[in-house]
Amino acid sequence: MKDFKHKSVLLNESINNLNIKEDGIYVDCTLGGGGHTYEILKRINTGHVYSFDQDKMSIDYNKQNLKNFLVSDKLTLIQDNFRNIYRDLMNYGCSKVDGILYDLGVSSPQLDLSNRGFSYQRKSPLDMRMDTSQDLTAEKIVNDWQLNDLVNIFQKYGEEKFSYSIAKRIVNIRKSHRISDTEELSEIIKSSVPEKIRKKSHPAKKVFQALRIVVNDELNSLSRSLTDALTMLNLHGRICCITFQPLEDQIVQKIFKKNSRVNVPRDLPIVPKQLQPKYKMITKKAISPSENELKDNHRAHSAKLRVIEKVLESTNGTKYNTSV
């Protein structure tokens, strides 16, 4: 698959923040074109990398792209949703890791290929599945879901102000025929919003985002995966998470903050070790792409990197390691 080209966003920043050890065990939850996985592999010696992707296209590409690492048994490719990180790694006998990386969103090949349906800027079937073996597609949602359901997902996952007018027009048009391609849906959305809105940015962007999130259950998958990932970290292990839209970033912030706070009364003079948080937020403020990266890759403009580290570990319920 020679056309699988994808520029990894915040590549150096995320790799550096993993604090990679030569003998460490690492997980790339979003393999994509293999950019992050490759950089991790370059830095390990006796360690190992487990890389997830539910998209068969990515797995097949990297079987060749990263063939040498597979042969040397430094890499394991796992075709599955990263929401199953705990179950899948346990199946490989891996219960603890030294670092986990998430690069969320849609890869460039998924956007650019004409048969995936992720882009509102090119005509293709209304699909949007990361895992092409699943049943639910954007076409089924657009044509079969009730008006109120469409309004709800456009508002909740796209933060679209004109959700009702867009959903209503979709319902009216599908009475005569099924809406089956991205071009037609994009035109329907355009005709459902005021002209001044069309001039600011592409009016289909938010609706397409909402459909993609629902088709792939992205936010629930992220929440479940991050929660499990935290439990699998070794002491001083880190999670680096790159998000591309506010809903993802809100989930990451919420989970990271919840696990790095001290939940004791403020007037308590000394916090007992048993009550100290096991995790520490490394990034008080999200890391954003540099100006040079933004110039080189327009798809990096909304990216944010957040990092958390495990800093405290209980061995038998009473002993703690606090050397941080």
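The values are calculated or read from the model by the stated rules, or taken from the named source; none is laboratory data. Only a predicted model underlies this, so the values are computations on that prediction, with no experimental measurement involved. Using ideal geometry, Cβ is built from the backbone for each residue, glycine included, and neighbour counts are taken over all protein chains shown. Surface areas here come from the heavy atoms of the whole protein model, side chains and all, with no ligands, DNA or RNA. Shrake-Rupley method; radii C 1.70, N 1.55, O 1.52, S 1.80 Å.
Only a single item in (1) modelled with pLDDT of 90 or more; (2) assigned to a loop (DSSP other than H, G, I, E, B); (3) basic (Lys, Arg) is not met by residue 140, and it is number (2). Each residue in the range 230-252 was checked for being open to solvent by 50 Å² or more (accessible area, probe 1.4 Å) and on the phi < 0 side of the Ramachandran plot, and 3 of them qualify. Screening 190, 199 for residues that are open to solvent by 40 Å² or more (accessible area, probe 1.4 Å) and touching a Pro at 6+ places or on another chain (Cβ under 8 Å) leaves exactly one candidate, 190. Every residue in the range 128-155 that is touching a residue at least 60 places away in the same chain (Cβ under 8 Å) and open to solvent by less than 30 Å² (accessible area, probe 1.4 Å), please. Result: 128, 130, 137, 138, 141, 142, 153. Evaluated against (1) at pLDDT 95 or above; (2) out of contact with any strand residue (DSSP E or B) (no Cβ under 6 Å at 6 or more places or on another chain); (3) of a type in the set (S, T, N, Q), residue 276 falls short on exactly one condition, (1).
In this structure, does residue 284 turn out to be modelled with pLDDT of 80 or more, under 30 Å from residue 247 (Cα atoms) and in a loop (DSSP other than H, G, I, E, B)? It would help to see each step written out before you state the result.
Numbers: modelled with pLDDT of 80 or more: yes; under 30 Å from residue 247 (Cα atoms): yes; in a loop (DSSP other than H, G, I, E, B): yes.
Yes: the conditions hold for residue 284.
Output yes when any residue across the range 193-201 is out of contact with any Asp or Glu (no Cβ under 8 Å at 6 or more places or on another chain), over 28 Å from residue 301 (Cβ atoms), modelled with pLDDT under 95 and not in a helix (DSSP H, G or I), and no when none is. No.
Restricting the search to the range 52-75, which residues are among the small types (Gly, Ala, Ser) and closer than 19 Å to residue 106 by Cβ? Write out each step before concluding.
Step one: of the range 52-75, the residues among the small types (Gly, Ala, Ser) are 58, 72.
Across the range 52-75, the qualifying residue is only 58.
When each of 221, 163 is tested for being over 23 Å from the mean Cα position of the chain (by Cα) and open to solvent by less than 50 Å² (accessible area, probe 1.4 Å), the lone residue that passes is 163. Please go through the range 1-40 and give me each residue that is free of Cβ contacts under 8 Å to residues at least 60 places away in the same chain, at negative phi and crowded, with 23+ Cβ neighbours inside 10 Å, ordered by number. Across the range 1-40, the qualifying residues are 31, 37. Of the residues making up the range 66-81, those that are free of Cβ contacts under 8 Å to residues at least 40 places away in the same chain, within 29 Å of residue 134 (Cβ to Cβ) and outside any strand (DSSP E or B) are 66, 67, 69, 70, 79, 80. The set of residues in the range 114-127 that are aromatic (Phe, Trp, Tyr) and open to solvent by 50 Å² or more (accessible area, probe 1.4 Å) contains only 120.
Being open to solvent by 80 Å² or more (accessible area, probe 1.4 Å), aromatic (Phe, Trp, Tyr) and in contact (Cβ under 8 Å) with a residue 40 or more places away in the chain: is that true of residue 86 here?
On the way: open to solvent by 80 Å² or more (accessible area, probe 1.4 Å): yes; aromatic (Phe, Trp, Tyr): yes; in contact (Cβ under 8 Å) with a residue 40 or more places away in the chain: yes.
In short, yes.
Please verify whether residue 92 is at pLDDT 95 or above, open to solvent by less than 70 Å² (accessible area, probe 1.4 Å) and among the aromatic types (Phe, Trp, Tyr), treating the condition exactly as stated. No. For the range 164-188, a residue qualifies if it is outside any loop (DSSP other than H, G, I, E, B), closer than 13 Å to residue 204 by Cβ, in contact with a helix residue (DSSP H, G or I) (Cβ under 9 Å, 6 or more places away or on another chain) and in contact (Cβ under 8 Å) with a residue 24 or more places away in the chain, and the qualifying residues are 166, 170, 181, 182, 185, 186.
In the range 107-121, is there at least one residue being in contact (Cβ under 8 Å) with a residue 24 or more places away in the chain and under 11 Å from residue 211 (Cα atoms)? Yes, the range 107-121 contains a residue that is in contact (Cβ under 8 Å) with a residue 24 or more places away in the chain and under 11 Å from residue 211 (Cα atoms).
Among the residues of the range 296-324, what is the count of those that are modelled with pLDDT under 90, within 19 Å of residue 11 (Cβ to Cβ) and open to solvent by 50 Å² or more (accessible area, probe 1.4 Å)? Steps first, please.
Filtering the range 296-324 down to residues modelled with pLDDT under 90 leaves 296-301, 313-324.
Pick out the ones that are also within 19 Å of residue 11 (Cβ to Cβ) and you get 296-301.
Going one step further and asking which of them are open to solvent by 50 Å² or more (accessible area, probe 1.4 Å), we end up with 296, 298-299, 301.
Residues that pass the stated criteria total 4.
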